[in-house]
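Below is one structure, written out as structure tokens, with a few remarks after it.
Please treat every number below as a calculation from the coordinates, not as lab data. Quick caveat: nothing in here was measured; it's all calculated off a predicted structure. As a convention, Cβ positions derive from the backbone with ideal geometry for all residues, glycine included, and neighbour counts pool all protein chains shown.
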Amino acid sequence: MNIMDFVLNELKNLKVPLKDTKGNSYLLACCKGAKAAGMPSNTLRNYINKYFPNKPKNLLVSTYLADINNLGCCSKCQQVKDKKEFHKDKSKFGEINSACKSCVSIRHKEAYPIRKHKINVNAALYRLAKKQRTPKWSETLEIELFYYNCPEGYHVDHIIPLRGNTVSGLHVLNNLQYLPASENLGKSNRWYL
């Protein structure tokens, strides 16, 4: 259901006025804000305080009405949907994301080709750096065995990074260590003395 239709039905059910004395629409103001409705903000504030005293500050009436009905308002498609149609987000009001799952999915599909290209380029650069920094005398079989024996939840880390900003190490057995995944991802290309 469209947000405007939903709010209109709710305002009618609650038997509250739909327009102020100057003919400005409370319906539009509740959905988009006082500025969009051409209404002074104090007029809308008085209306909200009178008819919706429990509504949190800085929250549209449409979002508040949807939440008390166990629904959510999608900021992208402007539809009111069941809360199950939204990803959970405890930092937001109602503990749901502001965009529904289908809108988030569309946004991710649109961005995927760009992300995929960037990931592929970075992977190719890493493989090239690894190849360039593997000397002919390197212990390739021992290195493969070292990777194979990596414990669950750990990464194989280059002590001196292959593509560091200040220094670059070699892809040799002496430059490898096991690190917990979280530490290795946080370390990135840094080298600590």
Where only C-alpha atoms are counted, convex hull volume of the chain per residue in Å³: 197
Whole-angstrom gap from the stretch 1-41 to the stretch 130-193, using each part's C-alpha centre: 61
222 nm mean residue ellipticity, helices alone, for the chain (DSSP H n ≥ 4; -39,500 (n - 2.57); rounded to 500): -14000 deg cm²/dmol
The stretch 87-180: radius of gyration and largest Cα-Cα distance (Dmax), Å: 20.0, 61
FRET efficiency for Thr166 and Lys116, using Cβ-Cβ distance with R0 set to 30 Å, rounded to 0.05: 0.45
Qualifying lysines (Cα of each under 30 Å from Cα of Lys136; at least 8 residues distant if same chain): Lys187
Volume of the Cα convex hull of the stretch 46-123, divided per residue and given in Å³: 118
Set of aspartates and glutamates near Lys88 by C-alpha distance (under 20 Å), chain-local residues within fewer than 8 positions excluded: Asp67
Difference of contour (0.36 nm per residue) and Cα-Cα distance, His108 to Arg45: 19.0 nm
In order through the stretch 148-163: 3J(HN,Hα) via Karplus (6.51 cos²θ - 1.76 cosθ + 1.60), integer Hz, x for Gly, Pro: 5, 8, 4, x, 4, x, 10, 10, 8, 10, 8, 4, 9, x, 5, 10
Highest-MSF residue in the chain out of Ala29, Ala181, Ala37 [GNM, Cα springs under 10 Å]: Ala181
Total formal charge among the other residues, if their Cβ is under 14 angstrom from that of Leu179, Lys/Arg +1 and Asp/Glu -1: -1
Net charge contributed by nearby residues that have their C-beta within less than 15 Å of Gly38 (K/R +1, D/E -1): +3
Radius of gyration, Dmax [the stretch 108-155; alpha carbons; angstrom]: 15.6, 46
Residues of type lysines that Lys50 reaches as a straight line, Cα spacing below 21 Å, ignoring anything fewer than 8 places off in the same chain: Lys12, Lys15, Lys19, Lys22, Lys32, Lys35
Calculated over the stretch 133-193: convex hull of Cα atoms, volume per residue (Å³): 75
Cα Rg, Dmax (largest Cα-Cα span) when computed across the stretch 3-99, Å: 13.2, 41
